[in-house]
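Laboratory data are not the source of any read-out in this text; all were calculated from the coordinates shown. Keep in mind it's a predicted model, so treat the numbers as computed, not measured. All Cβ positions, even for glycine, are placed from backbone atoms using ideal geometry, and neighbour counts span all protein chains on display.
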């Protein structure tokens, strides 16, 4: 499991990509990133898009502008139909305050 640090400005869009190396294929797998507060309360879940052995999580403006600035935890989960669950990465997820208003 990889330890990661993700930082995003409130209201910005970004992409988090991870490559899975300990499985031969991700065919039939699903993926999500779970963002939670320090006490374990889930703040949001982002579905991942799988391509070969790479998973992409799109953090979009519509979602990130709702997140309060602060420091959170995150973990990514992948699983198959047989309920084999893996946690490829986890770490700190920081939402930074922004000085600019959302233009939308």
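General remarks:
- Computed over the chain, the P(r) curve from all C-alpha pair distances, binned at 5 Å from the origin, holds 3, 12, 23, 23, 16, 12, 7, 3, 1, 0 percent per bin.
- By other beta-carbon atoms within 10 Å, ranking 89, 82, 7 with the fewest at the front produces 82, 7, 89.
- Relative contact order (percent, whole number), the chain, Cα cutoff 8 Å, 6+ residue spacing: 38 percent
- The stretch 53-104 versus the stretch 25-51: alpha-carbon centroid distance in Å: 8 Å
- Among 58, 97, a tally of other beta-carbon atoms within 10 Å of each Cβ gives an order, fewest to most, of 97, 58.
- The antiparallel fraction among DSSP beta bridges confined to the chain stands at about 80%.
- Estimated FRET transfer efficiency when R0 is 22 angstrom, pair residue 98-residue 58 (beta carbons, to 0.05): 0.70
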